[in-house]
Amino acid sequence: MRIYFSVDLEGICGVVDVEHTRRDGREHDRARKWMVQEVNAAVEGALKAGAEKIVVNDSHGTMRNLLPEELHPEAELIIGSPKPMSMLEGLSKDFDGTFFIGYHARSGAFGVLSHTYSGRVVADLKVNGRSVGEPGLNGLVSNFYGVPVALISGDQFAVGEALDLFPGVVGVITKEAIGRYVAKCPSPEKAKKMIEEGASKAVNLLRSGEIKPIQVPSPIEIQLKFLNPGMADLAQILPGSERIDPLTLRYVAKNMLEAYKAIRAMIYLGYSSIK
Ligand SMILES: [Zn+2]
């Protein structure tokens, strides 16, 4: 059993503020420790249930958050950026399941530090008419590879998005969001225990076939709504994109992988217009 981990920071137990998530935040180094500890709990749970290979992709900001010297010795780490596949770098059809650790809710939704890829660019992302965040978008790409999402941890809104889209996924709620920068958190010890147990359960459900990949539709229609029209002005140079209103570009991709690349290209283009 081979498990792919995509690890973000906003959904880690105890993380509620940009002081935790920004590189220069005063509490960032503490949050990085909580992050690697939750990853290690999930690795331990997966190994106990019989996983043989674990690849961990650091998927937050600089993508150099997880402390290699503190990572579980049985895990391999993808560290650094830029990566062509970003939060999904290293994922392939050779994995049996995907774990999303420390995930957060989508842009515009309730949830701690909610955003979709770039909080400075994306107002809303629709895939085939449905608003999705990183749990939904990344999960659809994973399923496109035939790799089901088996575990997600984060606040109740991040977990809820995955539960809506991916039947059978094990959800571990590491904190109850009360506001954008406020949450009620269990102790980190309790959160790690829940994650370890959830990881074991997820591997067992993968093995028994109770978690299976979903059929991802094609073609895929994307609607990416930006925070201001200047971003769409620049992002519409992406061939095939269509401006449907001042803030929104539409793009029809032949499959989910092309959709993911187009979304990220449009986000980078939009970002480059910021003055
Ligand atoms: Zn994120």
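Worth pointing out:
- Scanning segment 217-233 for residues that are in contact (Cβ under 8 Å) with a residue 60 or more places away in the chain and open to solvent by 30 Å² or more (accessible area, probe 1.4 Å) gives Pro217, Glu221, Gln223, Lys225, Leu227.
- Of all residue pairs spaced 6 or more apart or on separate chains, those with beta-carbon atoms under 6 Å, a first member in segment 241-255 that is free of Cβ contacts under 8 Å to residues at least 24 places away in the same chain and a second member that is in a loop (DSSP other than H, G, I, E, B) and among the polar types (S, T, N, Q) are Arg243/Gln236.
- Residue check for Ser131: small (Gly, Ala, Ser), more than 13 Å from the ligand (Cβ to nearest atom) and touching a strand residue (DSSP E or B) at 6+ places or on another chain (Cβ under 6 Å): yes
- When segment 211-233 is filtered for residues that are assigned to a loop (DSSP other than H, G, I, E, B) and touching a helix residue (DSSP H, G or I) at 6+ places or on another chain (Cβ under 6 Å), the ones remaining, listed by number, are Ile211, Pro213, Ile214, Val216.
- For segment 1-43, taking the residues that are among the small types (Gly, Ala, Ser) and touching a residue at least 40 places away in the same chain (Cβ under 8 Å), the one that is surrounded by the most Cβ atoms within 10 Å (Cβ to Cβ) is identified as Gly11.
- Residues that are among the basic types (Lys, Arg) and either open to solvent by less than 50 Å² (accessible area, probe 1.4 Å) or within 13 Å of the ligand (Cβ to nearest atom) (or both), drawn from segment 82-112: Lys83, Arg106
- Residue that is nearest to the ligand (Cβ to nearest atom), among those in segment 63-76 that are under 16 Å from the mean Cα position of the chain (by Cα) and either of a type in the set (A, V, I, L, M) or open to solvent by 50 Å² or more (accessible area, probe 1.4 Å) (or both): Met63
- Any hit, segment 253-266, residues being in the same structural domain as Val36 (by TED's automatic domain parsing), at pLDDT 95 or above and among the polar types (S, T, N, Q): no
- Test: residue in segment 113-126 that is more than 14 Å from the ligand (Cβ to nearest atom) and assigned to a loop (DSSP other than H, G, I, E, B): no
- All positions within segment 178-196 that are open to solvent by less than 40 Å² (accessible area, probe 1.4 Å) and assigned to a strand (DSSP E or B): Gly179, Ala183
- Exactly one residue out of Lys175, Lys201 is at pLDDT 95 or above, open to solvent by 20 Å² or more (accessible area, probe 1.4 Å) and of a type in the set (D, E, K, R): that is Lys201.
- Segment 234-258, residues that are open to solvent by 30 Å² or more (accessible area, probe 1.4 Å), within 20 Å of Glu134 (Cα to Cα) and in a helix (DSSP H, G or I): Leu257, Glu258
- Output for segment 12-59, where each listed residue is among the small types (Gly, Ala, Ser), out of contact with any Asp or Glu (no Cβ under 6 Å at 6 or more places or on another chain) and either within 16 Å of the ligand (Cβ to nearest atom) or outside the structural domain of Pro82 (by TED's automatic domain parsing) (or both): Ala31
- The lone criterion from (1) open to solvent by less than 20 Å² (accessible area, probe 1.4 Å); (2) over 19 Å from Leu137 (Cα atoms); (3) not in a helix (DSSP H, G or I) left unmet by Gly154 is number (2).
- Residue count for segment 51-62 under the criterion of being open to solvent by 30 Å² or more (accessible area, probe 1.4 Å) and over 15 Å from the mean Cα position of the chain (by Cα): the result is 2.
The values are calculated or read from the model by the stated rules, or taken from the named source; none is laboratory data. In this text the structure is predicted, and so the values were computed from the model without any measurement. Ideal geometry is used to build each Cβ from the backbone, glycine not excepted, and the neighbour counts take in all protein chains shown. Remember, those area values only see protein heavy atoms, side chains included, never the ligands or the DNA or RNA. Shrake-Rupley method; radii C 1.70, N 1.55, O 1.52, S 1.80 Å.
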